[in-house]
1. Using modelled backbone amide H atoms (1.01 Å from N, in-plane), which distant-in-sequence or interchain residues come within less than 5 Å of TRP286's amide H?
2. Give me the percent relative contact order of region 349-483, please, defined on Cα pairs under 8 angstrom at least 6 residues apart.
3. Going by average Cβ neighbours within 10 Å, how do the peptides 435-446, 407-418 rank, with the highest at the top?
4. For the chain, what is the accessible area per residue in Å², given a 1.4 Å probe and the full set of protein chains?
5. If you roll a 1.4 angstrom probe over the protein chains with everything in place, what fraction of the accessible area of region 440-483 belongs to carbon and sulfur, to the nearest %?
6. How far is helix 358-368 tilted, in degrees, relative to the longest principal axis of the Cα atoms in the chain, given as a value from 0 to 90 rounded to the nearest 10?
7. Determine the distance separating the Cα centre of region 125-144 from the Cα centre of region 451-465; give it in Å without decimals.
8. I'd like the carbon and sulfur percentage of the solvent accessible area for region 224-272, probe radius 1.4 Å, heavy atoms only, ligands and nucleic acids excluded.
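The values are calculated or read from the model by the stated rules, or taken from the named source; none is laboratory data. Quick caveat: nothing in here was measured; it's all calculated off a predicted structure. Neighbour counts run over all protein chains shown; Cβ positions are idealised from the backbone, glycine included. Side chains included, ligands, DNA and RNA excluded: accessible areas come from the protein's heavy atoms. Shrake-Rupley method; radii C 1.70, N 1.55, O 1.52, S 1.80 Å.
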Amino acid sequence: MVRVRFAPSPTGYLHVGGARTALYNFLYARRYGGQFILRIEDTDLERSTEEAMRMQIADLKWLGILWDEGPHPESLQDLGPHGPYRQSHRKDIYRQYAERLVDEGRAYYDFRTDSELEAIKEKLIASEKPPQIEAPAQIVPPAEARERISRGEPGAIRFRVAEKRDYFVQDLVRGEVRFPSDMVGDFVLVRSNGMPVYNFCCVIDDALMKITHVFRAEEHLSNTLRQMMIYEALKFPLPQFGHLSFILGPDKQKLSKRHGATSCNDFRLRGYLPEALNNFILLSGWSSPDGREILSRDEQIQLFTHERFNPAPAVFDETKLLWMNATYLRALPTEELWARVEPFLREAGLQLPQVENVAWREQTLSAFKTSMQTLADAVPLYRLLDDSAFSVKPEAQEVCAWPEAKKVWQAWLQELRAFPGEKLSEADFLALQDRVKDLAGVKGKHLFQPIRVAVIGQPQGTEVKLLVPMMKKSSLIARAEKL
Ligand code: GLU
């Protein structure tokens, strides 16, 4: 049974790189009928917060990447038989395995102080040796060490790198990777403050949670050697590893805040759809066998195999994301699109008199969606329909100064007042515009631009014949009266 996991450190919002790791693991589990586990790696007490954990969980839910085991998405209670799923709740488990390694001679208590260790490293550097710590000549016997610890003396537990030999991993993304064991010296498993380190917790958890495949970011490749040594010492079966390529910004530097939006939350606030972001990150390091780019969740699951991972770095191309978002957005049924757009309009404080009218929503969205790439793009479009936001914009000054403008406005107002209905259809508007033309005796831009100013306060923008049927006659009159 395939068991995969996503193991974020809750130190902030979910980054797109993290979202990709989560998505790949999720799809892999679904593809092979396996299970997807969410594990919270919160042993770094200074940087991890409960709030960040909640934010990351909210981002995963927004993306529709749901887990079979892990903290419950609402209550955060452990869900599944292999918990606890938060490393900060597993300290006793780590301690137990660390003690076992000490008893078996694979690890030792180290009471050397930071400055003593520093001095050792400096000496090694001075004699041109790698600054790797080795066991002291006299290791404190476990019973004595435990006695000293229980008296409050600070001491770390350090893994003993016993053999000098090469380690090999068949990485599912990168192929065979060789690690000479002398890349690392004896390394800490449990710090002198009692906190176990990432490499140790990760192995214990992956083994006890019966993880079969570890797909994670490339930056963890170098951790794999230490982890393999721990697996071996504890006689745990090794999972398969796959280290996913980096995601770079357009300048080919590692994607970071400098490049603008990088967290899922940034993209959500900017009006991206989760299904578009999902589809986009899917293709940042993986491709479909036939090169298709827009793939439904079911298709993604069907096609997802590790053979299609690309070991070369992916470049984050926001223009492409925008295109993908527009594609998804325009394909949404109107009611669904409205449900997504509405929070943006509310957030912007727009007052839209016909907002409860389903036919009006349908009419406005079908006209506007061709000009929208993101949900946030709806705001300036709908603002045109908010009477309280109406004003004559500075760019209308020239038009307002035309002698013809006054004549057009007068005729426009007169005709609107005389119009019998509540709203004008496109045909009503065109007929009315013709009468204004005759009454005012102007045509061409001297007719059209003053009318546009009377409707939206500016001489350029969305076509008036589309906008007028979206507005009530009373709104049009109120606007024209402000000129
Ligand atoms: N907590 C690690 C991170 O957020 C995960 C490492 C792993 O997947 O092994 O990068």
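1. Correct list: ASN310.
2. Computed over region 349-483, the figure is 31 percent.
3. 407-418, 435-446
4. Per residue, the chain has an accessible area of 47 Å².
5. Summing carbon and sulfur atoms, their accessible area is 51 percent of the total for region 440-483.
6. Here the helix axis deviates by roughly 80 degrees.
7. Spelled out, the Cα-based centre of one part sits 79 Å from the other.
8. 54 percent
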